[in-house]
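Take a look at the structure set out below.
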Amino acid sequence: MAQARFSVRTAVAEGFDFWRQNWLKGVGALILAAVVGVVVQLTATPTHPIEMLGGIVLLSIAQLPAQAAFYRIALADLGAESPERNGPLGLQWRMLETRLLGAGALIALLVFILALLAAFLMLALMAGFLDGVDPAALVSPEAVAAKLSPAGALVLNLFLLVFLIALIILTVRLSLVQAATAVANKTQVFSAAKLTKGAVAPIFGTMVLINLPLLILQVMATAYAGKNIGLLTGMNVILSGIGPFFLIPISVGAVAYIYRRLRAPGGAA
């Protein structure tokens, strides 16, 4: 198994250094991502899965111009499109943005298939513990949990834990897809995953550290707002507005650094 050729501390430091030097070059695209994030935060209802899913899709698309602009800056010397392809303040939609959209769609499809398989497996596992229970009573996840025996609840919790771990590993294994797609000038998914072999833990650690400040702020906002939904919404809107200005360029800088360290010498993903 290949070993990671970078440290978490260095990758995070590279991300912050990239942000410091380049965030203004894509500030227009960052403003777009921030505005869409605020709109989604204000309009998508957490209790409506379709609204939330639509908001996530819209936000993901809105972030692509900024991500592409910064990947051009970070990886042009490895074969990515020239930063000259960036529009004013990072606002553009060219082939790289389209390829990143295609790569994101493939990843979403993989996650959907994994979730679908997990749902069928979970139903099969739970069927034995719910034998004899009136199906009409199983109208929600809470109702299902209430009908489970202690053993059934334990199995369900273990299954959900395993699924969560699998989802995290899949996310990490696909974390270099955008960088590989930018360098190869074609959509890369499975070949990019090969680069992360042996580096899942440090990549995950890098992701956690980059997102940790915003996560801490969100936890503090939730604790401070308490049951005041209006105050909590307002604080989340503020975080949604400022988050992209840091997370997008820092993440691109860190991922670009990791990609450089893990790619085959002289080769492409």
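Bear in mind that the values in this text are calculations on the coordinates, not laboratory data. Values in this document were obtained by computation on a predicted structure and should not be read as measured data. Don't worry about glycine lacking a Cβ; one is built from the backbone with ideal geometry, like all the others, and counts go over all protein chains shown.
Computed values, structure above
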read-out: Sparse-neighbour loop sites [trypsin sites (Lys or Arg not before Pro); the range 207-269; at most 10 other C-beta within 10 Å; DSSP]; value: LYS227
read-out: Rg [Å, one decimal], Dmax [Å, integer] - the range 8-262, C-alpha atoms; value: 20.6, 66
read-out: FRET efficiency, MET122 to ILE50 (Cβ-Cβ, R0 22 Å, nearest 0.05); value: 0.55
read-out: Value of relative contact order over the range 172-269, rounded to a whole percent, pairs C-alpha under 8 Å and six or more apart; value: 38
read-out: Ranked packing of 158-166, 33-41, 194-202, most packed first, by mean Cβ within 10 Å; value: 33-41, 194-202, 158-166
read-out: Length-normalised contact order of the chain in % [C-alpha pairs under 8 Å, at least 6 apart]; value: 38
read-out: Assigned charges on the beta-carbon of Lys, Arg, Asp, Glu; the chain dipole about Cα centre (debye); value: 840
read-out: Rounded Å value of the spacing that divides the Cα centres of the range 162-200 and the range 48-126; value: 12
read-out: The chain, helix-only ellipticity at 222 nm - DSSP H runs n ≥ 4, -39,500 (n - 2.57), divided by all residues, nearest 500; value: -25500 deg cm²/dmol
read-out: Cβ-placed point charges (K, R +1; D, E -1), dipole of the range 32-100 about Cα centre in debye, nearest 20; value: 60
read-out: VAL219-LEU109 pseudo-label distance in nm [points 7 Å out on the Cα-to-Cβ vector]; value: 3.8
read-out: Exposure proxy ranking, count of Cβ atoms within 10 Å, fewest first, for VAL252, VAL155, VAL172; value: VAL155, VAL172, VAL252
read-out: Shape call, the range 138-262: gyration tensor on alpha carbons, a/c limit 1.5; value: oblate
read-out: Sequence of ASP17, ASP77 once ranked by neighbouring C-beta atoms within 10 Å, starting from the fewest; value: ASP77, ASP17
read-out: For PHE204, PHE70, order by how many other beta-carbon atoms lie within 10 Å, fewest first; value: PHE204, PHE70
read-out: Mean Kyte hydropathy of 1.6 or more with a Cα span along the axis of at least 15 Å, helices from DSSP in the chain; value: 27-43, 95-129, 150-173, 200-225
